[in-house]
1. Which residues, taken from region 320-333, are under 14 Å from V306 (Cβ atoms) and either touching a His at 6+ places or on another chain (Cβ under 6 Å) or open to solvent by less than 70 Å² (accessible area, probe 1.4 Å) (or both)?
2. Can you name the number of the only condition in (1) without any contact (Cβ under 8 Å) to a residue 24 or more places away in the chain; (2) in contact with a strand residue (DSSP E or B) (Cβ under 7 Å, 6 or more places away or on another chain) that A311 fails?
3. Of everything in region 213-244 that's modelled with pLDDT of 95 or more, open to solvent by 40 Å² or more (accessible area, probe 1.4 Å) and hydroxyl-bearing (S, T, Y), which residue is farthest from T419 (Cα to Cα)?
4. Which residue pairs have Cβ atoms closer than 7 Å, lie 6 or more positions apart in sequence or on different chains, and pair a first residue in region 210-239 that is within 16 Å of K414 (Cα to Cα) with a second residue that is among the acidic types (D, E)?
5. Out of region 360-388, which residues are out of contact with any Ser or Thr (no Cβ under 8 Å at 6 or more places or on another chain) and among the β-branched types (V, I, T)?
6. Is there a residue being touching a Leu at 6+ places or on another chain (Cβ under 7 Å) and either open to solvent by less than 70 Å² (accessible area, probe 1.4 Å) or modelled with pLDDT of 95 or more (or both) anywhere in region 279-288?
7. Residue by residue through region 6-18, note down the ones that are open to solvent by less than 20 Å² (accessible area, probe 1.4 Å) and farther than 11 Å from V47 by Cβ.
8. From V64, V11, V15, V47, which residue is at pLDDT 85 or above, closer than 27 Å to P298 by Cα and touching a helix residue (DSSP H, G or I) at 6+ places or on another chain (Cβ under 9 Å)?
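The values are calculated or read from the model by the stated rules, or taken from the named source; none is laboratory data. Keep in mind that this is a model prediction, so the values were computed, not measured. No Cβ is skipped: glycine too gets one built from the backbone with ideal geometry, and neighbour counts run over all protein chains shown. Surface accessibility is based on the protein's heavy atoms, side chains included, excluding ligands, DNA and RNA. Shrake-Rupley method; radii C 1.70, N 1.55, O 1.52, S 1.80 Å.
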Amino acid sequence: MGEFVIKMPDVGEGVAEAELVEWHVKPGDPVREDMVLAAVMTDKATVEIPSPVTGTVLWLGAEVGDTVAVKAPLVRIEIAGEGETAAPAVDNKLAAKAEEQPAVKVEAPAPVAKPTQPVKVEAKAPIANGHATGERLEKALASPAVRLRAKESGVDLRQVAGTGAAGRITHDDLDQFIARGAQPAPAPAGLQRKTAVDEIKVTGLRRRIAEKMSLSTSRIPHITYVEEVDMTALEDLRTTMNRDRKPDQPKLTILPYLMRALVRTIADQPAVNAIFDDGPGIIHRHHAVHIGIATQTPAGLTVPVVRHAEARGIWDCATELNRLAEAARTGTATRDELTGSTITISSLGALGGIVTTPVINHPEVAIVGVNKLAIRPVWDGTQFVPRKIMNLSSSFDHRVIDGWDAAVFVQRLKTLLETPALIFVEA
């Protein structure tokens, strides 16, 4: 018997380390060639690490959440025959994806060379039966090894509840599902006291989101301005345009109109379309309008960017918006599609509530938050009439944008949305 040492592979040019976000094995587990051992997240993407050999796991070189340097020992496997040391091959497509995604520097502890048990990581949103809350996933999250076992067992992975990072289905999840005879776990009868406490380690994209939000709130003094907007006329226009749209045109939501209104407003208020480099104290005021759209995905919050909105019409904005949202949700968005925004829109749709306090996407200086649209009684001077009302909650960097300028910006946006014909008038 020999020992085979697997080292952290080089997953992309310039990547010197990766964060371990998930173990698929533990000491004592048998593994076979090409079975996925772990998942790591570089500064740019998540990559699965397969085993190049068949054998038994002897030792794991890091814990979930640790940062492991390239070429550092990661796994030791007992094999038949002579042992050796190697770094496993990484799928070229995954490596290419790692070079495309946006980089966020992460400080983390050094690797710990000791056996460890897998750490259960809770998903961003509750996931059950292969579905995220309020949204059906096109494909269940699972490693190739789990998919192969499920296929051989005749199990539809969309029916299996995942307990791994971002709802990923593990071997244990599949084992428990098969052991139950593909039936949902029985619920306990009666009411019971619950005393368990789950310890959830913040790793991967969730940790990067936390760091980004901490950076924004610690370095940017926010001012949030909330205004009520009468969307009745715009909603009537939107209904008409959707009814008369061509077969190849997408269905319009409020966002394309808001994007075009932003372009028109920025022409009068260019200070909000800027990046503040607060190190040297330089404001980069952009002429191009690159609008980031905060998008919730199964893995967490991402911000795909509609570039050059100033050169796009309503239908073009809607088409590009749909394309980018789908790429973000499926994890296929490129680095360029996820970076470079100059101003951001944050919308929670029907869950938008009455008021929000959106956090600015650092280093931008403004973000526009879309709240829920509702029918409310409005006094027209003689009587109350039903109107479709929506609040805009907009936050600004108070170091760069004064309260008066923020109010002027939002009031101009309100005028355009309440009189949507102005959006289409040439400046």
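1. Answer for region 320-333, where residues must be under 14 Å from V306 (Cβ atoms) and either touching a His at 6+ places or on another chain (Cβ under 6 Å) or open to solvent by less than 70 Å² (accessible area, probe 1.4 Å) (or both): E320, L321, L324, A325, A327, A328, A333.
2. (2) is the only condition that A311 fails.
3. Here the residue is T224.
4. V229/E418; D230/E418; A233/E418
5. If we filter region 360-388 for residues that are out of contact with any Ser or Thr (no Cβ under 8 Å at 6 or more places or on another chain), which is where we start, we get 363, 365, 372-386.
V365, I375, V378, T382, V385, listed by residue number.
6. no
7. I6
8. Working: V11 fails: at pLDDT 85 or above; V15 fails: at pLDDT 85 or above; V47 fails: at pLDDT 85 or above.
Of V64, V11, V15, V47, the one residue that is at pLDDT 85 or above, closer than 27 Å to P298 by Cα and touching a helix residue (DSSP H, G or I) at 6+ places or on another chain (Cβ under 9 Å) is V64.
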